[in-house]
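Asker: Just dropping this structure here.
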Amino acid sequence: MQPMTELDADSLREYYRKFAQLEATGSSPTYAAWATGVAEDDEIITLLLDLPKPKRQANLLFAAARHLGAGEGDYPTLRTWLLEHWELTRDLMLARSTQTNEAGRCAVLLPALARIEGPISLIEVGASAGLCLYPDRYSYTYTTESGPRALHPEDGPSTVELACEMTNATPPERIPDVAWRAGIDLNPIDIADDDQQEWLRSLVWPEHGLRRDRLSAAAALVSADPPRLVPGDLLETVESVLAEAPAQTQKVVFHSAVLAYVEPAEREGFAALMRSRDDVVWISNEGGRVLPDIGAQLDREPDGRFVLAVSGEAIALTGPHGQSFEGLR
Ligand SMILES: C[S@@+](CC[C@H](N)C(=O)[O-])C[C@H]1O[C@@H](n2cnc3c(N)ncnc32)[C@H](O)[C@@H]1O
């Protein structure tokens, strides 16, 4: 039998190899080369093995290195830098976690939100920094077979412009009337804090400049008028936040790229709670297998896309960063 440490080292090498092949290749040549390099590098693997398991992830290592100034060069350059700055990198990896907030997802939430009579009280569970709580402040361009169609907030074009390819659906024609907004997150991010904002930027992969620019623009817009973000678990906290929503508003609870991080029993508990609240419109934008009742409604493969559902009814397949919307009916 192999000693435990050998098994751990082998599975970590294999994880980095797979990360390079399945996640990074085609999306980030830098990360693909870095992960391939780590997989073959006994010295770096040994350093990583000294961290708790959840802290050995490629996204965390590479973001921490870039955040601290490693640059985006080739693997030998990263390796030299890591060996010289391991203490710093290690401390940052222990202190932080991987987290995203993608304002672009508002482009696929908007078709569902625009159908709802306002004024709306918008509650996002798993809100991160709350950038998706501002669908009424962004500008959109939906491109369909008939060409592009732009939609702007009432007071004119926004500094945040979101583009979405739309098929089998009609672009929304109005911006929702959001009267009140609040978010819930286990680990809310204060977007007005420069270091937290910079950490979010470091988590965006090197070649994804458009996403980084979008993040900077949305962060500037949101930090001028930050949302109420309640720290807590979504299932335990959502009812108390719902109770704060002003009367005479339509309550809308939504989540995007969140439930995959929650245990299946809690996901089901949350879905059951949402279904039981006939005063709430529930919008979910999650991976195809995350909520089995919603996934079972699909008549085609999601192919890596999310499923947008309104009150449990699947209505579209959506690009994970909000880049596409394919209507299902
Ligand atoms: C991948 S991020 C998505 C953030 C945002 N919804 C978006 O679309 O950009 C997932 C977020 O869910 C939060 N989260 C995970 N489990 C949670 C839970 N049980 N309760 C509340 N928030 C949770 C994480 O802290 C993280 O901020």
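The values are calculated or read from the model by the stated rules, or taken from the named source; none is laboratory data. Since the structure is predicted, the reported quantities are computational estimates derived from the model, not experimental observations. As a convention, Cβ positions derive from the backbone with ideal geometry for all residues, glycine included, and neighbour counts pool all protein chains shown.
Asker: Given 80, 36, which one is surrounded by 17 or more Cβ atoms within 10 Å (Cβ to Cβ) and among the β-branched types (Val, Ile, Thr)?
Answerer: 36
Asker: Being out of contact with any Asp or Glu (no Cβ under 7 Å at 6 or more places or on another chain), touching a residue at least 60 places away in the same chain (Cβ under 8 Å) and closer than 23 Å to residue 210 by Cβ narrows it down to one residue among 98, 30; which is it?
Answerer: 98
Asker: Show the residue pairs meeting these rules: Cβ distance below 7 Å; 6+ apart or different chains; first residue within segment 225-252 and within 15 Å of the ligand (Cβ to nearest atom); second residue part of a helix (DSSP H, G or I) and charged (D, E, K, R).
Answerer: As it stands, the answer is 235/266, since those pairs meet every condition given.
Asker: Name the one entry in 315, 283, 294 that is among the β-branched types (Val, Ile, Thr), within 15 Å of the ligand (Cβ to nearest atom) and surrounded by 13 or more Cβ atoms within 10 Å (Cβ to Cβ).
Answerer: The match here is 283.
Asker: I need a count of the residues in segment 274-311 that are more than 22 Å from residue 245 (Cα to Cα), in a loop (DSSP other than H, G, I, E, B) and small (Gly, Ala, Ser).
Answerer: Qualifying residue count, segment 274-311: 3.
Asker: Going through segment 252-273 one residue at a time, which ones are in contact with a strand residue (DSSP E or B) (Cβ under 6 Å, 6 or more places away or on another chain) and buried (at least 20 other Cβ atoms within 10 Å of the Cβ)?
Answerer: 252, 253, 254, 255, 256, 259
Asker: On to the next question. Residue 24 passes all but one of (1) surrounded by 18 or more Cβ atoms within 10 Å (Cβ to Cβ); (2) within 30 Å of residue 316 (Cβ to Cβ); (3) touching a Leu at 6+ places or on another chain (Cβ under 7 Å); which number fails?
Answerer: Here residue 24 clears every test but (3).
Asker: Next question, about the same structure. Which of the residues belonging to segment 181-196 are away from the ligand (no atom under 14 Å from the Cβ) and in contact (Cβ under 8 Å) with a residue 24 or more places away in the chain?
Answerer: 192, the sole residue that qualifies.
Asker: For residue 150, all conditions in the list (1) without any contact (Cβ under 8 Å) to a residue 60 or more places away in the chain; (2) in a loop (DSSP other than H, G, I, E, B) hold save one; what is the number of the exception?
Answerer: (2)
Asker: If residue 265 meets every condition in (1) more than 11 Å from the ligand (Cβ to nearest atom); (2) in contact (Cβ under 8 Å) with a residue 12 or more places away in the chain apart from one, which number is that one?
Answerer: (2)
Asker: A further question on this structure: For segment 73-131, give me each residue that is near the ligand (Cβ under 10 Å from one of its atoms), not hydrophobic (A, V, I, L, M, F, W, C) and not in a loop (DSSP other than H, G, I, E, B).
Answerer: Of everything in segment 73-131, those that are near the ligand (Cβ under 10 Å from one of its atoms), not hydrophobic (A, V, I, L, M, F, W, C) and not in a loop (DSSP other than H, G, I, E, B) turn out to be 104, 105, 124.
Asker: With the condition kept exactly as written, say whether any residue in segment 143-159 is in the same structural domain as residue 281 (by TED's automatic domain parsing), modelled with pLDDT of 95 or more and within 16 Å of the ligand (Cβ to nearest atom).
Answerer: No, every residue in segment 143-159 fails to be in the same structural domain as residue 281 (by TED's automatic domain parsing), modelled with pLDDT of 95 or more and within 16 Å of the ligand (Cβ to nearest atom).
Asker: Please go through segment 4-23 and pick out each residue that is of a type in the set (A, V, I, L, M), farther than 17 Å from residue 55 by Cα and modelled with pLDDT under 95.
Answerer: 4, 7, 22
Asker: Now a separate question. I want to confirm something. Restricting to segment 297-312 and keeping residues that are among the hydrophobic types (A, V, I, L, M, F, W, C) and under 18 Å from residue 122 (Cβ atoms), which single residue is surrounded by the most Cβ atoms within 10 Å (Cβ to Cβ)?
Answerer: So the residue we want is 308.
Asker: Can you pull out the residues in segment 153-189 that are within 30 Å of residue 242 (Cβ to Cβ) and loosely packed, with under 14 Cβ neighbours inside 10 Å?
Answerer: 154, 155, 173, 174, 187 - these are the residues of segment 153-189 that are within 30 Å of residue 242 (Cβ to Cβ) and loosely packed, with under 14 Cβ neighbours inside 10 Å.
Asker: Report the residue count in segment 243-273 for those that are charged (D, E, K, R) and part of a loop (DSSP other than H, G, I, E, B).
Answerer: Of the residues in segment 243-273, 1 are charged (D, E, K, R) and part of a loop (DSSP other than H, G, I, E, B).
Asker: Quick one: in segment 193-211, of everything that is over 22 Å from residue 94 (Cα atoms) and out of contact with any Pro (no Cβ under 9 Å at 6 or more places or on another chain), which residue is surrounded by the most Cβ atoms within 10 Å (Cβ to Cβ)?
Answerer: 211
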